[in-house]
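Participant: My questions all concern the structure below.
The values are calculated or read from the model by the stated rules, or taken from the named source; none is laboratory data. Only a predicted model underlies this, so the values are computations on that prediction, with no experimental measurement involved. Cβ atoms come from the backbone with ideal geometry, glycine included; neighbour counts cover every protein chain shown. When the accessible area is computed, the model is the full protein with side chains, heavy atoms only, and any ligands, DNA or RNA have been set aside. Shrake-Rupley method; radii C 1.70, N 1.55, O 1.52, S 1.80 Å.
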Amino acid sequence: MSGHSKWATTKHKKAVIDAKRAKAFAKLIKNIEVAARAGGADLAGNPALELAVQKAKKTSVPNDNIDRAIKRGAGLTGETIDYSEIIYEARGPQGSALLVECLTDNKNRAASEVRVAITRNGGTVADPGSVSYLFNRKGVVSLPKKSLTEDDVLMAVLDAGAEEVTDEGENFEVLSEPTDLRAVVSGLEDAGIEYESDEVEFVPSMKVELDADAARKFLRLADALEELDDVQNVYSNADISESVQAELEKE
């Protein structure tokens, strides 16, 4: 779930725990299969596959699982892997907006499950284009602050095409055009700066701050969507302040 607010940092912590679960592994395995199907099983000649494998290893997906996924995706096991990428749009509480990114081998199943999750949890399925215009596709690198300053990060990534560095509480986020993401990561690595994640994501152009009641409903909706097997990512313009987070954590 990406919201690009201080709440997003909380979700990053949750993601570290979730990464050990089968659901997170399944997402990474799907990405490997898709990359192998598109460009073959040779990592040296398939940059997308190499990147997908790196991400899986970083999240401790077992090597056997990775090898099987490469072979399946490349058609070396006789299985047919054919995933479609679909994005669904939704409205949440208090004017919030969500983009639901799916990778599925059954479009009808994905559409039905996403629709049910949205309507049963207080959301509204939106018409194509009515929500997506609120987001821009960006490269996003998240890194722990530790002893870093914003200037430290800026110095490392400015020449690599980074557009801005934002303070997300315990983390910094570096935003760039998707095509500059690899250069930004290289800039951080060259400067010896560790990062937690690097993804191409949908970033909201404006955020909607939610009160406690709306935040409670929104989290229920987002969690229901994230639990679906076909859902790879959920993006939102919802902003949950630290004070509202604190209120919800007391419950």
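Participant: For region 218-251, what are the residues that are in contact (Cβ under 8 Å) with a residue 40 or more places away in the chain and small (Gly, Ala, Ser)?
Facilitator: Selection gives 222, 224, 236, 238, 241.
Participant: A further question on this structure: Can you find even one residue in region 112-130 that is surrounded by 18 or more Cβ atoms within 10 Å (Cβ to Cβ) and within 30 Å of residue 195 (Cβ to Cβ)?
Facilitator: No, region 112-130 contains no residue that is surrounded by 18 or more Cβ atoms within 10 Å (Cβ to Cβ) and within 30 Å of residue 195 (Cβ to Cβ).
Participant: Could you tell me whether residue 165 is more than 30 Å from residue 112 (Cβ to Cβ) and under 21 Å from the mean Cα position of the chain (by Cα)?
Facilitator: Numbers: more than 30 Å from residue 112 (Cβ to Cβ): yes; under 21 Å from the mean Cα position of the chain (by Cα): yes.
It is true that residue 165 is more than 30 Å from residue 112 (Cβ to Cβ) and under 21 Å from the mean Cα position of the chain (by Cα).
Participant: Among the residues of region 72-84, is there at least one that is open to solvent by 50 Å² or more (accessible area, probe 1.4 Å), under 12 Å from residue 25 (Cα atoms) and touching a residue at least 12 places away in the same chain (Cβ under 8 Å)?
Facilitator: The answer is no; no qualifying residue exists.
Participant: So if I check each of 108, 65, 31, which one is more than 28 Å from residue 126 (Cβ to Cβ) and in a helix (DSSP H, G or I)?
Facilitator: Numbers: 108 fails: more than 28 Å from residue 126 (Cβ to Cβ); 31 fails: more than 28 Å from residue 126 (Cβ to Cβ).
The conditions single out 65.
Participant: Something else: Is one or more of the residues making up region 81-93 among the basic types (Lys, Arg), within 21 Å of the chain's Cα centre (by Cα) and part of a strand (DSSP E or B)? Give the steps one after another, and end with the answer.
Facilitator: Going residue by residue through region 81-93, those that are among the basic types (Lys, Arg) are 91.
Narrowing the set further to residues that are within 21 Å of the chain's Cα centre (by Cα) leaves 91.
Subsequent filtering for residues that are part of a strand (DSSP E or B) retains 91.
Scanning region 81-93 turns up at least one residue that is among the basic types (Lys, Arg), within 21 Å of the chain's Cα centre (by Cα) and part of a strand (DSSP E or B).
Participant: How do the pairs read when you match residues in region 29-54 that are over 17 Å from residue 85 (Cα atoms) with residues anywhere that are among the acidic types (Asp, Glu) and in a helix (DSSP H, G or I), using Cβ under 8 Å and keeping only pairs 6 or more apart or on different chains?
Facilitator: Going by the 8 Å Cβ cut-off, the qualifying pairs are 43/50; 44/50.
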